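Since the structure comes first, as structure tokens, the remarks are kept for the end.
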Amino acid sequence: MSGVDAPAIQAAPKRAGLVLTALILGAIVANINLSVANVALPDIGSSLDASQTQLNLIAVGCTLGLAMSVLYLGALGDRYGRKLMLSLGMILTVPASIISAWAPTADLLVFGRIFTGIAAGMAYPTTLALITAIWATGPKRVKAIALWSGVSGGGAVLGPVIAGALLEQFWWGSVFLIAIIPALLTLVLVVIAVPAHINESKDAVDHFGGVLTVFMVAALVIGLGVIASPGGITRALILIAVSLVIAGIFVAHEKRAC
């Protein structure tokens, strides 16, 4: 049996506590970024003269980036390296956060939030995938997943609390900087402790199907996001229709690929 596969059949990896800490921190970073924007929306609206549509997209931008990228990026991580994907997610969190914090326009802030969500799409599902790949089936894996779920979920609660405290003293962009230090700490721990190339897939990645899912989810989420804005019904219906058309193409493609 090869040394590459050995960690996957052990009850827990070497330095299990450090590995799990890194994976939980990575999930916390994603959860913080998903939850901080709403607290700052009133200040963002007045500072950047943002329309309601822009504010809606700022509010859902990180979720949009995560939702539209998670399936494709998860497949890439499973094939080419989950540790690499998690590391890239933490690295890209830094410039994405900086762009969001100092965005001079609402449109650039929307871009920054979507960028942040894509970084979260690299990291968040990968942390759970690494747990299931590294810990063998049994009580220790169950415990690891429970800790990952419970502690990382606290990031969704902690993020708005910290953001509210920052808004008392600083400008609205400060809320988007909260995740930088945990992201850098996670990156260091991942490089030091998380094993690479554990039980990765050998199957070819369906790049065309993956790209289709990106545009399908993006059109659907943006359509739902603009539906309540002035004159947004028409745009929403068009985007939702585009999403349905892409979904049909995706289903047809997958049937041919099977």
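Computed quantities for the displayed model
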item: Condition broken by residue 209, with the remaining ones in (1) of a type outside the set (A, V, I, L, M, F, W, C); (2) loosely packed, with under 14 Cβ neighbours inside 10 Å; (3) in contact with an Asp or Glu (Cβ under 8 Å, 6 or more places away or on another chain) satisfied; result: (2)
item: Helices (runs of 4 or more DSSP H) (entirely within the range 36-151) containing at least 3 residues that are touching a Lys or Arg at 6+ places or on another chain (Cβ under 9 Å) and modelled with pLDDT under 90; result: 52-80, 106-134
item: Only one of 214, 191, 151 that is in contact with a helix residue (DSSP H, G or I) (Cβ under 9 Å, 6 or more places away or on another chain) and under 21 Å from residue 112 (Cβ atoms); result: 214
item: Of all residues in the range 60-83 being small (Gly, Ala, Ser) and over 18 Å from residue 216 (Cβ atoms), the one that is farthest from the chain's Cα centre (by Cα); result: 81
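To keep it simple, each residue is scored yes or no on (1) among the small types (Gly, Ala, Ser); (2) under 26 Å from residue 64 (Cα atoms); (3) surrounded by 22 or more Cβ atoms within 10 Å (Cβ to Cβ); (4) in the same structural domain as residue 194 (by TED's automatic domain parsing).
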position: 125; (1), (2), (3), (4): no, yes, yes, yes
position: 128; (1), (2), (3), (4): no, yes, no, yes
position: 133; (1), (2), (3), (4): yes, no, no, yes
position: 142; (1), (2), (3), (4): no, no, no, yes
position: 145; (1), (2), (3), (4): no, yes, no, yes
position: 151; (1), (2), (3), (4): no, yes, no, yes
position: 158; (1), (2), (3), (4): no, yes, no, yes
position: 162; (1), (2), (3), (4): no, yes, no, yes
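The values are calculated or read from the model by the stated rules, or taken from the named source; none is laboratory data. These numbers come from a predicted model, not from an experiment. Positions of Cβ are generated from backbone atoms using ideal geometry, with glycine treated the same way; all protein chains shown enter the neighbour counts.
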